[in-house]
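Below is one structure, written out as C-alpha cells; comments come after it.
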Amino acid sequence: MPTPQLRKFRHPGTSRRGALSHLKGRQVDAAALAEVQALLGERPRRRDLLIEHLHLIQDSHHHISARHLAALAQEMKLSMAEVFEVATFYAHFDVVPEGETPPAPLTIRVCDSLTCQMMGADRLLEELGAKAGPGVRVVAAPCMGRCEGAPVAEVGHRHVVGATTDALIETARAGETEPAIPAYTGYRDYVSGGGYGLLNDCLEGKHTADEIIEIMEASGLRGLGGAGFPAGRKWRFVRQEPPPRLVALNADEGEPGTFKDRFYMETDPHRMLEGMLIAAWAAEAAEAYIYLRDEYPHVRRILLDEIAEIERAGLDRACKIHLRRGAGAYICGEEGAMIESIEGKRGLPRHRPPFPTQVGLFGRPTLCHNIETVYWVRELVEKGPDWFTSHGRNGRKGLRSFSVSGRVKEPGVKLAPAGITVVELIEEFCGGMQDGHDFKGYLPGGASGGILPARMGDIPLDFDTLNPHGCFIGSAAVIILSDKDDMRDVTLNLMRFFEDESCGQCTPCRVGTEKAVKLMERTQWDEALLDALSQALMDASICGLGQAAPNPVLMALKHFREDLA
C-alpha cells in the first residue's frame, strides 16, 4: 500500500512563500491612534492608568469607539481583550461596537435608587423620556450620593437636586453641564485655622508614630465605611509589615442613602487630606491613593486644586498623593475591588486571606480607610481620645455621622452621639416626619443594612447593636419610611439595585440576585424558595454585596408581612 502524500497546511491568509498576505485581527486606525496619543500627551502608559486613559476618551468624545479601544490597546501595549473587558465593566464608559450608532452627545442620568424613587424618580424618567428631544439621552442611574436632595439627576456632569422635568430640560438647553463647585474651606483658610500643624509636627519628629497610634486606639475609633474595624489597630498591623507600604483611601460611597463622605470632602477637604497624610506617616507609607467615585465630579475638581496646594507647600514630601477616578461600579466600595480598580482592572473583589494589610495595592501592605475615618484624625489628636469617648448615648461611645434621607423634614448629614435611636434622630436632628407622613420603618445602614419597623425604633444605632436583629449600621445611611411607602416597591427597588451592581464574579450573587428579582416581581412571593435562595447568597457569595443582598427581602418577610399580601 503506497504511503499517502502529506500536504503542509497553509493558513488561507498566507501566500505560497508563507508570508501573511494581510494582517490578522483588528487593525489600528491611524487617525484614531493620533487622537489617542494627543489625549494622553506625556502621561505614562502604565497599566494602572488604563481607567484614567479611558476617561480621557469618554470625556472627549462622549463615548468610546472600537477604533479608539484598539488604538489605546496598541499605545499602552495591552491586548485588545484587556482593554475591552475593563471598558465594558464600568457603567460610565459608553463602549460603541463597530457599526453601531454612538449615544447622544448629552446624557441626563436620573437616580432611581430608593430615596429618589420615593420622591418621584419613576415619573421624572417617564416625562423626560418623552420631552428631552434630540441630542439628549435619558437613562436611569444608581445612587448619586445626594439623597438629601431627592429626586436627583445629573445633566452631563452637573447635579440637579429636587429635580423636575422642566428644570432638567432648561439646564440642558442652557448648556450647564459642568459641575457646580460649592463654597468650601480652601488651603489658606484651613492653614490659618491651625491646619497642617499636626502633620508638620509629625514630620519634624515632635510626635512618634506609636504615640499617635496609641491615641487612635484609645479613642476607640472604628472604620466608618461599613466594616467597623478598629482604626488604630489597623495602623499598627500595616506598620508591622515589611516596606514598601501604601495607603488607599476609599471615596467610592455607592451605598444607596450614603452621602456623608461627599459632604466632608466638599466642605472641608484638607481635614481629610491631613488625616490621610498623618496615617501614611504613621504607617511609613510613601504613596497614598484616593479612589473617588465618578458621581462626584465637583469633588474631583476640588481635590485636584487642593492637592496641588499641598504639593506647592511641600506637605507631600513624605507621601506622594494620587487621585484616581472610579467609573460607576458600586462593587468598588469593597476594598479588594477598589484595589483592583486602582490597578487598572475590573473591580472584582479579591479572595481573603491575604488581607490588604499584608498584600494589597500592587502587592504591597496597604492601609485601606474610608474618608470619614481619616477626617477625624486631627480632631482626635488635638482634643484627645477622652473628648471623643465623652459623647454617646445608651451606653455607647463616640460620634457618628448619619446620612439621613427619606420622609423627614430636614434630611442631611447629622453628627450625633453614637447609640442614639432612630426616633431621637428624627425628632432632635431632622425636624420630625414630613407633614402627612407617619413613621413606618427605617433602613439603619443603607440598602444592605436591612429594614426595621417603627416599633423597633428604640434600638441604639451603633456598631454591633443591630446585629441581633439581622441588621447592621454599615456606613450609617438611615432612610426613613412612612405609611405612604409600599414595602413591596421598597424591597424590589433594593434587590434590583443589587442585581444591577453584582460584579458577576461569583455564581451565587450573579444568578441569585437576578432570580430573586424575578421571584419578587410575581404577585405572590414563593417564601420557601426566596428563603433558600437567600441562604445560598449569604453562605456562598465571595463578598459583602451578595452576602447582604437578601437582607431587604428577609426583613420585609419578617416585619412587614401584612404589606406583601
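The values are calculated or read from the model by the stated rules, or taken from the named source; none is laboratory data. Everything quoted here is computed from the prediction, not taken from an experiment. Note that we place each Cβ from the backbone using ideal geometry, even for glycine, and neighbour counts take in every protein chain shown. In case anyone asks, the SASA skips ligands and DNA or RNA and just uses the protein heavy atoms, side chains included. Shrake-Rupley method; radii C 1.70, N 1.55, O 1.52, S 1.80 Å.
Here are a few things to note about the model shown:
- What the Cα convex hull of the chain gives, in volume per residue, is 214 Å³.
- A simple spin-label model places the labels of residue 486 and residue 521 1.5 nm from each other, with each point 7 Å out along Cα-to-Cβ.
- Electrostatic bookkeeping for residue 419 treats Lys and Arg as +1 and Asp and Glu as -1; over the other residues with beta carbon under 15 Å from its beta carbon, the sum is +1.
- With Cα atoms defining each centre, region 462-520 and region 191-269 are spaced 29 Å apart in the structure.
- Dipole of region 203-307 computed with +1 at Lys/Arg Cβ and -1 at Asp/Glu Cβ about the Cα centre; of 278, 203, 256, farthest Cα towards the positive end is 256.
- Estimated [θ] at 222 nm from DSSP helical runs (n ≥ 4, -39500 (n - 2.57)) normalised by residues in the chain, nearest 500: -12000 deg cm²/dmol
- The length gained on full extension between residue 561 and residue 467, counted as 0.36 nm times the residue separation minus their Cα-Cα distance, comes to 31.8 nm.
- Accessible solvent surface per residue of the chain, calculated while the other protein chains remain in place, 1.4 angstrom probe, Å²: 43 Å²
- Within region 438-471, backbone nitrogen closer than 11 Å to the virtual label 7 Å beyond the Cα of residue 393 toward Cβ: 458-461
- A simple rule links phi to the HN-Hα coupling: the Karplus curve 6.51 cos²θ - 1.76 cosθ + 1.60 with θ = phi - 60°, which for region 256-267 gives x, x, 9, 8, 5, 5, 4, 4, 5, 6, 8, 10 Hz, with x for Gly and Pro.
- Couplings for region 194-211, taken from phi via the Karplus curve 6.51 cos²θ - 1.76 cosθ + 1.60 with θ = phi - 60°, read x, x, 6, x, 5, 4, 4, 4, 5, 5, 8, x, 7, 10, 9, 4, 4, 4 Hz in order; Gly and Pro are left as x.
- Charge dipole (Cα centre; +1 on Lys/Arg Cβ, -1 on Asp/Glu Cβ; no other charges) of the chain amounts to roughly 2340 debye.
- Cross-link reach is defined here as a Cα-Cα straight distance under 16 Å, omitting same-chain residues fewer than 8 places apart; for residue 484 the lysines meeting it are 409, 440.
- For region 552-557, 3J(HN,Hα) computed residue by residue from phi via the Karplus equation (6.51, -1.76, 1.60; θ = phi - 60°) reads x, 5, 5, 5, 5, 5 Hz, glycine and proline entered as x.
- Accessible carbon and sulfur surface of region 342-415 relative to its total accessible area, %, 1.4 Å: 46 percent
- Charge dipole magnitude, Cβ of K and R +1, D and E -1 - region 352-437, Cα centre, debye nearest 20: 380 debye
- Spin-label pair residue 101/residue 126, simplified geometry with 7 Å Cα→Cβ offset, distance in nm: 2.5 nm
- Centre separation in Å (Cα based) which lies between region 273-303 and region 533-559: 32 Å
- A cut-off of 5 Å between modelled amide H atoms, ignoring neighbours fewer than 5 places along the same chain, links residue 323 with 290.
- Of the GluC sites (Glu not before Pro) in region 513-552, the ones in a loop by DSSP (not H, G, I, E or B) with at most 12 other beta carbons within 10 Å are 521.
- Selection from 125, 37, 460 lying farthest towards where the dipole of the chain points positive, charges on Cβ: 37
- The Cα center of region 387-410 and the Cα center of region 94-112 differ in position by 41 Å.
- By the rule of a C-alpha distance below 28 Å, with chain neighbours fewer than 8 residues away ignored, the lysines paired with residue 234 are 206, 260, 320, 345, 383, 397, 414.
- Annotation: amide H-H contacts under 5 Å for residue 95 (H modelled 1.01 Å from N, sequence separation of 5 or more, or interchain): 64.
- Taking 13 Å as the cut-off, no amide N atom of region 221-254 comes nearer than this to a point 7 Å along the Cα-to-beta-carbon line of residue 318.
- Overall, the accessible surface of region 16-151 at a probe of 1.4 angstrom is composed of carbon and sulfur to the extent of 52 percent.
- Between residue 528 and residue 355, the simple label model (points 7 Å from Cα in the Cβ direction) yields a spacing of 4.2 nm.
- Among the cysteines of the chain, 143, 147, 202, 319, 332, 368, 430, 471, 503, 506, 509, 543 have no other cysteine beta carbon within less than 4.7 Å of their own.
- For region 350-496: relative contact order, % (alpha-carbon pairs under 8 angstrom, 6 or more apart): 19 percent
- 5 angstrom amide H check on residue 370, placed H, neighbours 5+ away: 224, 225, 250
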